[in-house]
Amino acid sequence: MSTGPRGQTGPAFVPLARPDMGDAELSALAEVMASGWLTTGPKVKAFEAAFAQFTGAPEAVALNSCTAGLHLSLLACGVGPGDQVLTSPLTFCATANTVLHAGGTPVFVDVDRDTGTMDPGATAAAVSERTRVLLPVHYAGRPADPLAFRALADARGLRLVEDAAHCIDARVDGRRIGTIADFTAFSFYSTKNLATGEGGMVTTASSEDADWMRVAALHGLSRNAWARYAPGAPAQYDVEMPGYKYNMMDLQAALGLVQLSRLEQMQAHREALWARYEAGVVGLPLVRPAPLPAGWTHARHLYTVLVDPAHCGWTRDALQVALAREGIGTSVHFRALHLHTYYAQRFGLARGMFPNAEYHSDHSLSLPFWSGMPLADVDRVIETLDRLLAAAP
Ligand SMILES: *Cc1c(COP(=O)(O)O)cnc(C)c1O
């Protein structure tokens, strides 16, 4: 028992997620603070090298967000006015927003009803003369069939960019996420499996594109002058292009290096939490995450169930409110983008156009899940769900 969010006494609040930070992260931050160099410098270089080694990608470019990574990836693919990018409506708005930032047009393709990931068959049918890039999203940590999208991109002369904000550690038939697409964008936002507060990374096999990205991420300063942002740099610089301010700080990279060294342990705990949820939810009238094909692994970012009134008598929204009253935090991943005002109005989209994405949008509920979460908290969530679902709302 402890003091709850409103000061009342009761079981402690079970949050949806928290950053999993410990003493090692604290001392890594203190070391950077004491070094006198806070922004892009040696820690960023070391984090890029460690991340490239971790994924097996030839190049890793550290940025201040996954959003920045998606934007620069699309620009590196040459996306501009008139170009279409095929993407999932079941994602965070950043995925489609960055297509617009690049000057292109996002075109939504419905997801698979079971997995929530963009359907390769529907994607092939949506390719037009104006399509330039495929942008699938690895939903909740489940790979969005990247080998199918790679084959489609190659067959149709398209580029492949993956939104891997949810998918830092997954494999498909022995190939790691980060080594399949032309560009793979990862997020280190506070709630993600590896957190630096804000932060992101793009992996690519092209050193030319990686070099361009590093210049574009720092005002467009020439590679040579870029060193100005590192200790002992030359005073002169040259502007090659009107770049962006997308660089990662050493403060973030120091956190990232520690988190990366702990990732295997953190992922193992997510695996244990996942198994405990699966064992509990199997006895409830909820739809569990779809099983994976043999030879695939899942990054275990979110444990998301589907709350279908036809099965359990509850709407997702009513169950979410009831859980919040019981001190259990949940979230919706995601309200489909075509149901948001901007996308609906700008592109003339409406309910009914992407029925599978709408099914997830209406019914999905992400339960508390983070790498520092006690296993006992899963039991508390399951017991609460069991009690609530046994009674009509
Ligand atoms: C978190 C997230 C992003 C954006 O990541 P940032 O690092 O916050 O920019 C993009 N796509 C998806 C699917 C996400 O969940």
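Here are the numbers:
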read-out	value
Using θ = phi - 60° and Karplus 6.51 cos²θ - 1.76 cosθ + 1.60, couplings along segment 181-195 (whole Hz; Gly, Pro as x)	7, 5, 9, 10, 10, 10, 10, 10, 4, 3, 8, 7, 4, 10, 10
Segment 50-116 - convex hull of alpha carbons, volume per residue in Å³	106 Å³
Descending semi-axes in whole angstrom, ellipsoid equivalent of segment 322-393, from the Cα gyration tensor	32, 15, 10
Neighbour-count ranking [beta-carbon atoms within 10 angstrom, fewest first] of Phe186, Phe54	Phe54, Phe186
Ellipsoid semi-axes in whole angstrom, largest first, where each is sqrt(5λ) of the Cα gyration tensor of the chain	35, 28, 18
Which of Ser128, Ser222, Ser361 has the fewest Cβ neighbours within 10 Å, and the rest in rising order	Ser128, Ser222, Ser361
Cα centroid of segment 163-184 to Cα centroid of segment 93-148, whole Å	15 Å
Mean Cα-pair separation over length for segment 321-393, i.e. relative contact order, pairs under 8 Å, 6 or more apart, %	36 percent
Within segment 39-157, percent of DSSP bridges classed antiparallel, to nearest 5	10 percent
DSSP beta bridges in the chain [antiparallel fraction, %, rounded to 5]	60 percent
Mean separation of Cα contacts under 8 Å (6+ apart) over length of the chain, as relative contact order %	22 percent
Hull volume in cubic angstrom per residue (convex hull over the Cα atoms of segment 263-390)	141 Å³
Among Lys192, Lys43, Lys245: highest mean-square fluctuation, GNM of the chain, C-alpha pairs under 10 Å	Lys245
Extended-chain gain in nm, criterion 0.36 nm per residue less alpha-carbon gap, Ala324 and Met241	25.0 nm
Percent of alpha-carbon pairs separated by more than 15 Å within segment 18-68	60 percent
Largest to smallest principal axis extent of the C-alpha atoms in segment 1-112, angstrom	57, 41, 26
Angle in degrees between helix 316-325 and the longest Cα principal axis of the chain, rounded to the nearest 10	80 degrees
Nearest-ten-degree value, helix 66-76 long axis tilted from longest Cα axis of the chain	50 degrees
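Throughout, read-outs are computed from the coordinates displayed, never taken from laboratory work. Computed from a predicted structure; not experimentally measured. Backbone-built Cβ (ideal geometry, glycine too); neighbour counts: all protein chains shown.
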